[in-house]
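*Asks:* Below is a structure I'd like to ask you about.
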Amino acid sequence: MAERRIVDIGPFLEDLKKELKDLEGSTEALTVEEAAEDEIEDLKKLPVIDPERMIPAWRDPDKDPPTVETEVLILYRCNGYMGITTAHYEDGNVFSEDSEWNWEDLPDWGTYDEERDDYRIPEGWWEYRHFNPDDVYNNKIDCPVVGWMPMPPEEITK
């Protein structure tokens, strides 16, 4: 079976566009076969990844936070142990009325904005399964979040 390659085609396409631009007005004649052989050689240099063995990588929440209000899996460190739960990240710029999530007790810890007559949700990680009592939504995660990754595709979780 032929090797399957998973690649970021962006840099490859940029390189190809640059090569084509460099050839504009050139008197050097390359046959289509020669040009194709050059590109095939470049493709052969791309890394091979076995899709069956791919493991999602944890992302650094400080350097690469997720999209605001998007539920993701998080890895957190608490009292000497590691845990995984679902959560969403807030960047401190979303108001409760604009949020996709339910917020209780926001007046206790949110920042009130008189102009909007609404509370701004504080920056941080929030979840509603492990860090809060029953029937209370969106508690702040009070342990360091050390990694995150997207939720599994819907077809896997069905």
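Bear in mind that the values in this text are calculations on the coordinates, not laboratory data. Here the structure is a predicted model, which means the values were calculated and not measured. Here the Cβ is made from the backbone with ideal geometry for all residues, glycine too, and neighbour counts use every protein chain on show.
*Asks:* Tell me which residues come under 5 Å, amide H to amide H, from residue 146 once H is placed; ignore anything under 5 positions away on its chain.
*Replies:* Hits under the 5 Å cutoff: 75, 76, 77.
*Asks:* If you don't mind, there's one more thing I want to ask. Pull up the cross-link candidates among the lysines for residue 63, meaning alpha carbon to alpha carbon under 23 Å and not fewer than 8 places away within one chain.
*Replies:* The reachable lysines, counting only those whose Cα sits under 23 Å from residue 63, are 140.
*Asks:* Go ahead and run the numbers for FRET between residue 70 and residue 117, Cβ-Cβ distance against an R0 of 25 Å, rounding to 0.05.
*Replies:* 0.40
*Asks:* Can you list the lysines whose alpha carbon sits under 23 Å from that of residue 44, skipping same-chain ones fewer than 8 residues off?
*Replies:* Of all the lysines, those that pass the test against residue 44 - Cα under 23 Å, at least 8 places apart if same chain - are 17, 18, 21.
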